[in-house]
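Notes to accompany the following structure.
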Amino acid sequence: MMADPQNLETDVLIVGTGPVGLLAANALMEKSIDLYICDKLNAPVEELRASTFHPPTLDLLEPLCLTSAVLENGLKSPE
Ligand SMILES: Cc1cc2nc3c(=O)[nH]c(=O)nc-3n(C[C@H](O)[C@H](O)[C@H](O)COP(=O)(O)OP(=O)(O)OC[C@H]3O[C@@H](n4cnc5c(N)ncnc54)[C@H](O)[C@@H]3O)c2cc1C
């Protein structure tokens, strides 16, 4: 649902629905923290940007059970 930016009330405003914004939103939602997330684009970018996954990224995705899915579609960086 689109919010009226003139009357937006939220505890956390996340600008950008890339991986960082979405992971931050997920972490805040798990703690029931009120948030609003927005992006200047109306749809996800279609340019491929995730061919290689670094160990810290995989550590973040593991609790979300996303590790095996992303590794099926990309490479794991050794370091
Ligand atoms: C061609 C290419 C290949 C890449 N390959 C890899 C790879 O293989 N492995 C890897 O780990 N990383 C790769 N990267 C880096 C990758 O882009 C980042 O790891 C990842 O996308 C960063 O996530 P992010 O959420 O910080 O930013 P982004 O994914 O860039 O998301 C930022 C979001 O913020 C939005 N935004 C920006 N400014 C505003 C604004 N003023 N108002 C509202 N919304 C806004 C944008 O529309 C976008 O949706 C690649 C990058 C490029 C360009």
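If you go through the range 31-45 and keep only what is near the ligand (Cβ under 8 Å from one of its atoms) and loosely packed, with under 12 Cβ neighbours inside 10 Å, you end up with 40, 41, 44, 45. Criterion first (more than 10 Å from the ligand (Cβ to nearest atom) and part of a strand (DSSP E or B)) does residue 13 satisfy it? So residue 13 passes the test.
If I filter the range 51-71 down to residues being surrounded by 10 or more Cβ atoms within 10 Å (Cβ to Cβ) and in a loop (DSSP other than H, G, I, E, B), which single residue comes out as farthest from the ligand (Cβ to nearest atom)? Here the answer is 66.
When each of 48, 28, 75, 22 is tested for being within 24 Å of residue 5 (Cβ to Cβ) and within 11 Å of the ligand (Cβ to nearest atom), the lone residue that passes is 22.
Each reported figure results from applying straightforward, stated rules to the coordinates on display, with no laboratory input. Computed from a predicted model, the values in this text were never measured in an experiment. Positions of Cβ are generated from backbone atoms using ideal geometry, with glycine treated the same way; all protein chains shown enter the neighbour counts.
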